[in-house]
Amino acid sequence: MPLNFLAAPQTQMTERLLIRRPRIEDAEQVFSRYASDAAVTRYLGWPTHIDVADTRKFLLLAQEHWERKGIGPLLVFDRQDEQLLGGTGLELEDNNTAATGYVFARSAWGKGYATETMQALLGTARQLRLACVYALCHPDHEPSIRVLEKCGFHQAALLQSETEFPNLAPGVKSDVKRFEIQF
Ligand SMILES: CC(C)(COP(=O)(O)OP(=O)(O)OC[C@H]1O[C@@H](n2cnc3c(N)ncnc32)[C@H](O)[C@@H]1OP(=O)(O)O)[C@@H](O)C(=O)NCCC(=O)NCCS
């Protein structure tokens with residue numbers, strides 16, 4: 001874990017959500033709820049999962065990130081029935097800066113879950129005394145831009161030919177908007 005870094009909480013509750021560190025046994029659910037759905041992964045930086053083995057690989061990397069850095073990917077569940085709704089996380093770049101993002105199953109869109117999740121993560125970022133959290137977003141992805149703006153992020157840059165969106169344009173570096181929030 002980086003020096004002077006307080007470990008992030010492994011479980012967190014919001015009004016409607018339970019947010020926790022993933023386990024390898026979550027693979028089937030993550031795969032079937034959202035990681036294998038091409039409509040969900042359209043604007044994401046990772047390819048749609050074809051097989052549950054792809055999801056297990058991701059969860060192993062998540063576990064490694066948590067073990068090395070005391071922070072990392074998280075899963076989001078409905079508090080009432082514990083149904084898996086989506087994923088999020090804070091990826092530590094240095095002691096001051098973390099990258100974030102979110103992905104929700106299609107049936108969970110439009111209910112304010114991304115906003116509620118991001119607000120909880122920003123609370124964690126403050127507790128950890130991070131100076132900056134950022135998110136990268138495709139310029140056409142209006143719902144995601146709306147979530148970031150509602151949560152207090154501002155557009156810091158439009159980066160030209162910067163990021164591959166493998167489900168939109170494989171092998172091509174597309175422009176991407178960088179949104180930041182400073183504490
Ligand atoms: C993007 C995503 C995370 C949004 O999650 P969500 O839980 O539906 O988001 P919320 O309900 O908290 O907020 C969505 C906001 O976008 C608005 N919105 C929805 N479609 C919109 C559109 N086409 N144009 C502009 N705003 C739009 C909603 O009205 C809402 O704003 P409001 O509260 O002011 O009405 C979700 O659609 C998703 O998981 N998509 C697939 C994965 C993904 O693309 N992740 C982001 C990568 S950058």
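One table, with the values for the structure above:
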read-out: Net charge over other residues, Cβ less than 9 angstrom from the Cβ of residue 134 (K, R count +1; D, E count -1); value: -1
read-out: Candidate lysines - alpha carbon under 21 Å from residue 150, same-chain residues fewer than 8 apart omitted; value: 111, 177
read-out: Calculated Rg and Dmax of the range 144-183 using C-alpha coordinates, Å; value: 11.9, 35
read-out: Dipole moment magnitude, nearest 20 debye, the range 11-131 about Cα centre, only Lys, Arg, Asp, Glu C-beta charged; value: 260
read-out: Förster-model FRET efficiency, 41 Å R0, residue 131 and residue 107, C-beta, rounded to 0.05; value: 0.70
read-out: For 54, 94, order by how many other beta-carbon atoms lie within 10 Å, fewest first; value: 94, 54
read-out: Rel. contact order, % - alpha carbon contacts under 8 angstrom, at least six apart, the range 11-131; value: 25
read-out: DSSP-defined beta bridges in the chain - what % are antiparallel, rounded to 5; value: 90
read-out: Cross-link partners of residue 69 among aspartates and glutamates (Cα-Cα below 20 Å; sequence separation of 8 or more within a chain); value: 91, 93, 94
read-out: Cα convex hull of the range 1-138, projected area averaged across orientations, nm²; value: 7.8
read-out: Within a Gaussian network of the chain (alpha carbon springs, distance under 10 Å), most fluctuating of 39, 62, 125; value: 39
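Read-outs throughout are calculated quantities, based only on the coordinates presented, and are distinct from any laboratory measurement. On a predicted model such as this, the values are computed, not experimentally measured, just so you know. With ideal geometry, Cβ positions are generated from the backbone for all residues, glycine too; neighbour counts draw on all protein chains shown.
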